[in-house]
Amino acid sequence: MTNSKNIDTFYDLIDEAVMLVYNEVSTSYLQSLVRVVDGLLESLDDKGLTKETISKIEDIYKQIEKTIFSNEDIRIAFSLLAIKGLKDSSFRLDVVTPDSINFIIANIINHFSKDGDILLDLTMGVGNLVSTISNMSENKLKIIGVEQDSVLAEVSRVGCNLLEIDSLIYCNNPVDIKNLNSHIVVGDLDNLDGNEYQIILNQINSLEDDGIFVFLINNDFFFNPKINEFKEMFNGKLYGLIVLPQTMFKDSSKMKSLLIGTKSEINEQMMIVNMPSLSDEDKVIDTINTVNQMIDKLKGMIRWKK
């Protein structure tokens with residue numbers, strides 16, 4: 001459950017503290033956000049801050065500690081704070097996966113996962129996808145994140161710490177990640193200049209036999225000239241494709257889908273599901289139920305086959 005008042009309160013208090021740091025020390029909003037959250041969770045790095053500013057920030061921490069916030073309140077507020085920071089630093093906002101997509105992926109993971117699974121996010125961004133997955137999951141997952149921008153890696157680190165997520169964040173190019181064993185791999189593979197094919201090939205080798213991947217891909221994925229070489233080298237199974245509705249995207253050429261696959265050999269044709277507009281609640285519920293049945297069937301084939 002979320003509480004809009006609590007979301008606003010958490011956002012306003014953290015933002016006030018961040019602006020105190022931002023205006024006094026020459027760091028970006030995102031760097032100031034990292035510093036403030038680290039201070040809330042551990043101890044404030046007061047280098048360069050006046051005693052008056054330190055006192056104001058400590059008073060803000062006390063106000064936060066007196067209020068009970070749900071993990072979802074914190075997640076939403078932190079995502080909004082991160083977006084403000086991204087705008088301040090002129091980052092592309094597509095490093096933040098929209099919640100409409102987060103919830104679909106999180107639902108898939110919740111149906112498939114079990115306690116202790118290792119989840120690898122190859123395009124961590126500010127961590128809003130894994131925080132959504134963690135908040136929705138009925139199982140305790142161990143999170144490994146990969147983010148090639150050092151500032152975003154730090155933002156995702158403190159975001160996970162705020163939610164007490166068992167996580168480890170690496171600052172690396174996802175193309176270079178080859179030997180991180182995991183049960184579930186997720187990531188937004190759009191805008192990777194064709195490297196998405198190599199990333200999938202790299203990860204299928206270190207994916208557990210009973211694991212799956214769920215990647216957000218551009219709809220031209222299967223029409224790229226690189227697809228033929230990819231199919232020759234891919235030694236897994238592309239199990240399902242969830243085509244997201246056009247209403248999710250301002251530009252029809254930027255439409256995306258969710259690609260679901262596994263390392264296991266299964267004798268199943270690839271299933272394609274068209275997600276309706278989110279405004280049509282009845283059809284959305286029916287489609288989510290179809291996806292759940294699809295994932296439950298996959299889980300039965302690769303996790304309980306022995």
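What is the one condition in (1) crowded, with 19+ Cβ neighbours inside 10 Å; (2) over 24 Å from Lys297 (Cβ atoms) that Ser206 does not satisfy?
(1)
For Leu244, indicate whether it is more than 21 Å from Ser113 (Cβ to Cβ), crowded, with 19+ Cβ neighbours inside 10 Å and touching a strand residue (DSSP E or B) at 6+ places or on another chain (Cβ under 8 Å).
yes
From the set of residues in region 253-306 that are assigned to a strand (DSSP E or B) and among the small types (Gly, Ala, Ser), which is nearest to the chain's Cα centre (by Cα)?
Among residues in region 253-306 that are assigned to a strand (DSSP E or B) and among the small types (Gly, Ala, Ser), the one nearest to the chain's Cα centre (by Cα) is Ser257.
Take the conditions at pLDDT 95 or above, over 18 Å from Gln148 (Cα atoms), buried (at least 17 other Cβ atoms within 10 Å of the Cβ) and not assigned by TED's automatic domain parsing to the domain that holds Asp8 and apply them to Ala106. Does it pass?
yes
Here is a list of conditions, (1) surrounded by fewer than 23 Cβ atoms within 10 Å (Cβ to Cβ); (2) assigned to a loop (DSSP other than H, G, I, E, B); (3) out of contact with any Pro (no Cβ under 8 Å at 6 or more places or on another chain), and Gln148 meets all of them except one; can you say which number that is?
(3)
Checking Asn289 against (1) modelled with pLDDT of 95 or more; (2) in contact with a Ser or Thr (Cβ under 8 Å, 6 or more places away or on another chain); (3) over 26 Å from Ile204 (Cβ atoms), which single condition isn't satisfied?
Of the numbered conditions (1) modelled with pLDDT of 95 or more; (2) in contact with a Ser or Thr (Cβ under 8 Å, 6 or more places away or on another chain); (3) over 26 Å from Ile204 (Cβ atoms), the odd one out for Asn289 is (2).
Among the residues of region 235-252, how many are assigned to a loop (DSSP other than H, G, I, E, B), modelled with pLDDT under 95 and more than 19 Å from the chain's Cα centre (by Cα)?
Here the count works out to 4.
Filter region 124-145 for residues that are of a type in the set (Val, Ile, Thr) and in contact with a strand residue (DSSP E or B) (Cβ under 6 Å, 6 or more places away or on another chain); which is surrounded by the fewest Cβ atoms within 10 Å (Cβ to Cβ)?
The residue in question is Ile144.
Restricting to region 19-71, count the residues that are under 19 Å from Asp149 (Cβ atoms) and of a type in the set (S, T, N, Q).
Total satisfying the criteria: 4.
Quick grid of which residues meet (1) part of a helix (DSSP H, G or I); (2) at pLDDT below 95:
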position	(1), (2)
Ile144	no, no
Leu152	yes, no
Gly159	yes, no
Val175	yes, yes
Lys178	no, yes
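Condition first: outside any loop (DSSP other than H, G, I, E, B), within 16 Å of the chain's Cα centre (by Cα) and not small (Gly, Ala, Ser). Now tell me which residues in region 184-211 satisfy that.
Ile184, Val185, Val186, Asp188
List the number of the failed condition for Gly236; all other conditions in (1) surrounded by fewer than 20 Cβ atoms within 10 Å (Cβ to Cβ); (2) over 23 Å from Asn102 (Cβ atoms) hold.
Every listed condition holds for Gly236 apart from (1).
Being assigned by TED's automatic domain parsing to the domain that holds Arg157, at pLDDT 95 or above and in a helix (DSSP H, G or I) narrows it down to one residue among Ile54, Ile101; which is it?
Ile101
I'd like to know if region 78-89 contains one or more residues that are of a type in the set (Val, Ile, Thr), on the phi < 0 side of the Ramachandran plot, more than 24 Å from the chain's Cα centre (by Cα) and at pLDDT 95 or above.
For region 78-89, residues of a type in the set (Val, Ile, Thr), on the phi < 0 side of the Ramachandran plot, more than 24 Å from the chain's Cα centre (by Cα) and at pLDDT 95 or above: absent.
Asn6: crowded, with 18+ Cβ neighbours inside 10 Å, under 16 Å from Leu162 (Cβ atoms) and either of a type in the set (S, T, N, Q) or assigned by TED's automatic domain parsing to the domain that holds Met294 (or both), yes or no?
When the stated conditions are applied, Asn6 passes them.
The values are calculated or read from the model by the stated rules, or taken from the named source; none is laboratory data. Just so it is clear, the structure is predicted and the values come from calculations on it, not from any experiment. Backbone-built Cβ (ideal geometry, glycine too); neighbour counts: all protein chains shown.
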